[in-house]
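Student: Pasting a structure below so you can have a look.
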Amino acid sequence: AVEAAFGAPLLGWYGNAELSGHAIQCRELSYHLQLAHSVHEVLDRDGNPCGPGQPGRLVATSLINWAMPLLRYDTGDVVVLGDRKCPCGREGPTLSYIEGRSEDFVVTSDGRYVSASDLTFLFKTTSDIKEAQIEQEEAGSITLRVVPATGYGPQTERRVREGIAGRLGADTEVRWIVVDHIEREASG
């Protein structure tokens with residue numbers, strides 16, 4: 001309907017609010033990385049460059065954001081570099097696929113997906129929890145591991161539980177486990 005209304009093809013644009021990473025879709029439906037906009041890297045979990053056809057994290061350095069330059073900014077998006085020259089004739093690298101955010105989500109009992117980063121503010125705004133980890137194995141239920149800091153007490157747990165209920169719903173089961181330290185996973 002949009003193409004018919006404007007008499008032109010509808011093409012995609014990829015970018016982000018941080019102005020790090022930019023790609024424009026051509027008539028052949030390839031996403032062309034805009035090299036005058038950013039320096040782009042596609043990296044695997046270990047930080048090694050991915051080859052064409054391999055999914056990896058898009059890390060970019062903006063060449064246009066003079067107010068707040070971000071160097072090697074991890075966009076949180078997973079992309080796949082193209083493995084062929086685009087038939088449109090433009091030179092330079094392309095993305096054959098944009099998978100989207102690699103962010104973790106918590107699934108509520110009613111099936112909503114809530115970004116895990118929406119819950120991290122509960123720990124960033126308190127000084128009485130040193131570290132926290134959220135784990136989910138089934139919808140509507142989470143395990144929360146916390147490393148106490150000075151000032152930790154029953155009021156800390158109550159405040160965090162109230163915040164979780166506000167984001168995930170009052171029916172969310174929260175298993176609260178106090179630990180001395182949290183084991184690091186491969187992601188850090």
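Student: Looking at (1) open to solvent by 80 Å² or more (accessible area, probe 1.4 Å); (2) modelled with pLDDT of 90 or more; (3) under 17 Å from Gly76 (Cβ atoms); (4) not basic (Lys, Arg), which is the only condition Ala17 fails?
Tutor: Just one mismatch for Ala17, condition (2).
Student: Can I ask one more? Only one of Ala170, Ala132 is loosely packed, with under 11 Cβ neighbours inside 10 Å, modelled with pLDDT under 95 and of a type in the set (A, V, I, L, M, F, W, C). Can you tell me which?
Tutor: Unique residue meeting the criteria: Ala170.
Student: Also, quick follow-up: Return yes when Gly100 is among the small types (Gly, Ala, Ser) and surrounded by 15 or more Cβ atoms within 10 Å (Cβ to Cβ) and no when it is not. Walk me through it before giving the result.
Tutor: Values: among the small types (Gly, Ala, Ser): yes; surrounded by 15 or more Cβ atoms within 10 Å (Cβ to Cβ): no.
The answer is no for Gly100.
Student: If I filter the stretch 88-105 for residues that are modelled with pLDDT of 90 or more, out of contact with any helix residue (DSSP H, G or I) (no Cβ under 7 Å at 6 or more places or on another chain) and closer than 30 Å to Thr143 by Cα, do I get at least one hit?
Tutor: Within the stretch 88-105, none of the residues are modelled with pLDDT of 90 or more, out of contact with any helix residue (DSSP H, G or I) (no Cβ under 7 Å at 6 or more places or on another chain) and closer than 30 Å to Thr143 by Cα.
Student: Of all residues in the stretch 33-78 being exposed (fewer than 13 other Cβ atoms within 10 Å of the Cβ) and touching a Gly at 6+ places or on another chain (Cβ under 9 Å), which is nearest to Glu99 (Cα to Cα)?
Tutor: Gly53
Student: Of these, Gly111, Gly82, Gly89, which one is open to solvent by less than 100 Å² (accessible area, probe 1.4 Å), on the phi > 0 side of the Ramachandran plot and in contact (Cβ under 8 Å) with a residue 24 or more places away in the chain?
Tutor: Values: Gly82 fails: on the phi > 0 side of the Ramachandran plot; Gly89 fails: in contact (Cβ under 8 Å) with a residue 24 or more places away in the chain.
Exactly one of Gly111, Gly82, Gly89 is open to solvent by less than 100 Å² (accessible area, probe 1.4 Å), on the phi > 0 side of the Ramachandran plot and in contact (Cβ under 8 Å) with a residue 24 or more places away in the chain, namely Gly111.
Student: Which members of the stretch 134-160 meet the condition of being touching a strand residue (DSSP E or B) at 6+ places or on another chain (Cβ under 6 Å) and under 20 Å from Asp104 (Cβ atoms)?
Tutor: Ile134, Glu135, Gln136, Ala139, Ser141, Ile142, Thr143, Leu144, Arg145, Val146, Val147
The values are calculated or read from the model by the stated rules, or taken from the named source; none is laboratory data. Because the structure is a prediction, the values reported are computed rather than measured. Every residue, glycine among them, receives a Cβ derived from its backbone with ideal geometry; neighbour counts consider all protein chains shown. These accessible areas exclude ligands, DNA and RNA; they are computed on the full protein's heavy atoms, side chains included. Shrake-Rupley method; radii C 1.70, N 1.55, O 1.52, S 1.80 Å.
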